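Heads up, the thing below is written out as structure tokens.
The values are calculated or read from the model by the stated rules, or taken from the named source; none is laboratory data. Here the structure is a predicted model, which means the values were calculated and not measured. Positions of Cβ are backbone-derived with ideal geometry, glycine not excepted, and every protein chain shown enters the neighbour counts.
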Amino acid sequence: MVSTQQIATITILLGSSLIIGSCAQDNTSEIQPIEGIALLEADPNWPLQMPEDWSWGQVLGVSVDAQDHIWVTHSSQVVEFDPEGNLLRTWGGTQAGDEWPRMLHGLFVDHNDYVWSGAREQHTIFKFTKDGEVVLTIGQLDQMGNSSEPYLLGRPAEFYVDPDTNELYVADGYTNRRIIVYDAETGEYLRQWGAYGNEPDDDYQYPEEEAQAPQQFRLLHGITSSKDDLVYVADRTNSRVQVFNQDGTFVAEKRVSDGPSAAFSLAFSADVNQHFLYVADGTTHRILILRRETLEVLGEVGSEGSGVGQLGRPHNIATDSKGNLYVAEANPGMRVQKFSFMGIGPL
């Protein structure tokens, strides 16, 4: 939780089998086991001073590019910061004209420096240059499709581009119930699947008994992939994380909370093996910390509020190469915060 010094301390219950390496190590380097507490400190001075006429809307997307520049969406604008928090550029918004998306939801900057964001309520994903030029659209503006239609979307939430295959993975989940994959260069449909690798079923009736695991996604909201080519998704209303191979084969799952809507967005720690999985819980206003290997919940950071280090509906999260965590807050937070990784402290 966040202290009066804005130190967000995550207690990590590490066993001898848990290891973590330097971000600078490669896969062949020796990785030393550690025990202790991971320390995250909320930075009250990030971002730096914004223009006097600046007013944040809902911040519904955050991503970090290869230069550790932080990109966020707020309302219908895209904003870029450098690592120190200086505002570098903005584009979009009402000044972009009537054809511009009404609200941008989700954000990802890929390995080729393309910026992906979506018009959720208009059922369309846009691929932009870093200057805001549209180079590809997926879906049809203002035309909603169901989970069986390959080129129409149903209120897509978040996306990720695999750097090895250049495939775009989409959490098509506010209305539809699927992960859908496209060629990120051409927009060609490749494959799709639902919860547990099942066929997506829009007519599925969710069980009334909580003991019965729903066999379909229920507001699939977050999606990303690890260095070992596993696809992780945040099944928001079902409060669970599911893990798949890239072909849709189900691997594992974890219900992260007994409460509803506890899985909004996902990010990994920056160590070479990505030992920790961060899960944004926008309902209880915290970030959960899981051991990625077992999906065991180890700790949390944040609490409800508007102070530094407190959270108001954390909606999307991302990490940079140094392990710093960036949190995009929807309403009521309406801001982006940086939690600096401070190393590992004693138990």
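Run down 82, 110 and say which single residue is farther than 16 Å from residue 223 by Cβ and of a type outside the set (Val, Ile, Thr).
Criteria check complete, one pass: 82.
Taking the stretch 310-329 only, how many residues are more than 13 Å from residue 284 (Cα to Cα) and either without any contact (Cβ under 8 Å) to a residue 60 or more places away in the chain or in a loop (DSSP other than H, G, I, E, B) (or both)?
Residues that pass the stated criteria total 5.
Restricting to the stretch 48-79, name every residue that is within 22 Å of residue 270 (Cα to Cα) and either polar (S, T, N, Q) or assigned to a loop (DSSP other than H, G, I, E, B) (or both).
63, 65, 66, 67, 68, 69
Small (Gly, Ala, Ser), farther than 26 Å from residue 220 by Cα, part of a helix (DSSP H, G or I) and out of contact with any Phe, Trp or Tyr (no Cβ under 8 Å at 6 or more places or on another chain) - does that describe any residue in the stretch 87-96?
Taking every residue of the stretch 87-96 in turn, at least one turns out to be small (Gly, Ala, Ser), farther than 26 Å from residue 220 by Cα, part of a helix (DSSP H, G or I) and out of contact with any Phe, Trp or Tyr (no Cβ under 8 Å at 6 or more places or on another chain).
Among the residues of the stretch 104-131, what is the count of those that are in contact with a strand residue (DSSP E or B) (Cβ under 9 Å, 6 or more places away or on another chain), surrounded by fewer than 17 Cβ atoms within 10 Å (Cβ to Cβ) and closer than 18 Å to residue 72 by Cα?
The number of residues fulfilling the criteria is 4.
Of all strands (runs of 3 or more DSSP E) completely enclosed by the stretch 158-272, which ones contain at least 2 residues that are surrounded by fewer than 22 Cβ atoms within 10 Å (Cβ to Cβ) and in contact (Cβ under 8 Å) with a residue 40 or more places away in the chain?
Once the strands (runs of 3 or more DSSP E) in the stretch 158-272 are filtered for at least 2 residues that are surrounded by fewer than 22 Cβ atoms within 10 Å (Cβ to Cβ) and in contact (Cβ under 8 Å) with a residue 40 or more places away in the chain, what remains is 189-193, 250-255.
Taking the stated definitions as given, is residue 324 modelled with pLDDT under 95 and either crowded, with 18+ Cβ neighbours inside 10 Å or of a type in the set (S, T, N, Q) (or both)?
no
Pairs under 9 Å by beta carbon, first residue in contact (Cβ under 8 Å) with a residue 12 or more places away in the chain in the stretch 49-68, partner of a type in the set (Lys, Arg) and assigned to a loop (DSSP other than H, G, I, E, B), six or more apart or different chains?
Pairs that qualify, where the first residue is in contact (Cβ under 8 Å) with a residue 12 or more places away in the chain and the partner is of a type in the set (Lys, Arg) and assigned to a loop (DSSP other than H, G, I, E, B), are 58/313; 65/130; 68/322.
For the stretch 273-309, which residues satisfy the criterion of being part of a loop (DSSP other than H, G, I, E, B) and under 21 Å from residue 233 (Cα atoms)?
273, 274, 275, 282, 283, 284, 285, 292, 293, 294, 295
Taking the conditions exactly as written (among the polar types (S, T, N, Q) and out of contact with any His (no Cβ under 7 Å at 6 or more places or on another chain)), does residue 143 satisfy them or not?
In short, no.
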